[in-house]
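Coordinate-derived values only; no laboratory data. Remember, it's a predicted structure, so these values are computed and weren't measured experimentally. Don't worry about glycine lacking a Cβ; one is built from the backbone with ideal geometry, like all the others, and counts go over all protein chains shown.
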Amino acid sequence: MTELFNMSPVDVYIYQILLLDLVIAVLMIAGLRFVTGVVANVNSAHELASRDNYAFGIAMAAGIISLALMLTGAVAGEPGETYLKEAVMVLSYGVLGLVLIKCGRFIQDKLLFSEMQIQAEIKQGNLAAALVDAANTIAMGLVLRAVMLWVESDTLSGLLVVLAAFVLTQVLMALVTKYRMAIYARRTEGSSLEQAFLDNKVALAIRFMGHLLGVALALTAASGIVVYDLDNLPGALAMWALVTLIFAVMVSLLAALARLIILYGVDTVEEVNTQNNIGVAAIEAAIFVAVGLFFIALFL
């Protein structure tokens, strides 16, 4: 029995590093509550307890998941040479994660959705807006976690690669968003997807969320194909961007094919777009996520 606990000095150091990482991660996640309130310009305690604002809670929960995903990518791999180096690197990635979450929400509010202010809608309790916000936030966390694991160095160059990946991720998420907007506009004349979200059509938001998460899951698999080349970072990033674009298109096509089979005989446009059928929307979202998971199984 004593042999089971006979740890070498190296083992003790590794466990101490893991404990240090865990403490930092918990503190960073706790700090997200403050950041979420600042982004939405509200008092988080008042929104959650007094107003029972479910939309705000969903947005905050998505931020926690996204930050946790990024932090798991940061703490994975070899421990730092010293406690200080490990703490600085984890804190750096954690602060970067908080900043990127805020930047992602700003981009979503100001550039992708010109007819609606998502954070303002969340403050008013719009669940559809909260799900849209959660979709982009969690998708960003999934992809950036994969990039952090892909980067083979805890250096400044690694942070720059994560920043570049964030920009590419936002571009791809924007393409998926514009694609969904175009599809909705073609199927529903005289209306827009943004207006539907403003009208709190939760079913549409669920389908949208599934599409973004499915694409994000597939994008994480790109790191299993593209080799991280420290000597040729621009080339590696360009190849990663190309593979992720191909994967995003494939997810959309394969999910559309699977939907025709799984939901045969169901008019998804009528059920989701018109009748706000959450059940059908959930199945569509699950199809997107399932396809994304298969990409991870096959390529990562």
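For segment 17-22, backbone phi angles converted through the Karplus equation (6.51, -1.76, 1.60; θ = phi - 60°) give residue-by-residue couplings of 5, 4, 5, 4, 4, 5 Hz, Gly and Pro being listed as x.
The mean sequence separation of alpha-carbon pairs under 8 Å and at least six residues apart, normalised by the residue count of the chain, gives a relative contact order of 18 percent.
Each of Ile122, Ile58 was scored by other Cβ atoms within 10 Å of its Cβ. Listed from fewest to most, they are Ile58, Ile122. Kindly provide the helix-only [θ] at 222 nm of the chain, computed as the sum of -39,500 (n - 2.57) over DSSP H runs of four or more divided by all residues, to the nearest 500 deg cm²/dmol? Calculated mean residue ellipticity at 222 nm is -25500 deg cm²/dmol.
Exposed loop sites here are GluC sites (Glu not before Pro) assigned a DSSP state other than H, G, I, E or B and surrounded by at most 11 other beta carbons within 10 Å; excluding them, the longest clear run of the chain is 190-300. Once you place label points 7 Å from the Cα toward the Cβ at Val249 and Val227, how far apart are they in nm? Label at Val249, label at Val227, 2.6 nm between them. Label-to-label distance for Tyr54 and Asp199 is 2.0 nm, based on points extended 7 Å past Cα in the beta-carbon direction. Put simply, the amide H of Asn277, placed in the peptide plane, has neighbours under 5 Å in Val272, leaving out anything fewer than 5 places away on its chain. Spin-label model, Ala256/Cys103: points 7 Å from Cα along the beta carbon direction are separated by 3.2 nm. Write out the trypsin sites (Lys or Arg not before Pro) in segment 82-160 meeting two conditions: DSSP loop, and at most 10 other Cβ atoms within 10 Å of their Cβ. Taking segment 82-160 and a limit of 10 other Cβ atoms within 10 Å, no loop trypsin sites (Lys or Arg not before Pro) are found. Placing unit charges on the Cβ atoms only, positive for Lys and Arg and negative for Asp and Glu, gives the chain a dipole magnitude near 700 debye about its Cα centre. Counting charges near Leu112 (Lys, Arg +1; Asp, Glu -1) among other residues having Cβ under 13 Å from its Cβ returns a value of 0. Local charge for Cys103 was computed over the other residues whose Cβ lies under 12 Å away, with Lys and Arg +1 and Asp and Glu -1, and equals +2. In terms of the Cα gyration tensor, with a ≥ b ≥ c the square roots of its eigenvalues, is segment 141-235 rounded because a/c is under 1.5, prolate because a/b exceeds b/c, or oblate? Since a/c reaches 1.5 and a/b is larger than b/c, the shape of segment 141-235 is classed as prolate. For the residues Val90, Val171, Val280, a GNM of the chain with alpha-carbon springs under 10 Å puts the largest fluctuation on Val171.
What do you get when you divide the Cα radius of gyration of segment 2-299 by 2.2 N^0.38 Å, with N the number of residues? So the Cα radius of gyration is 1.07 times the expected 2.2 N^0.38 Å.
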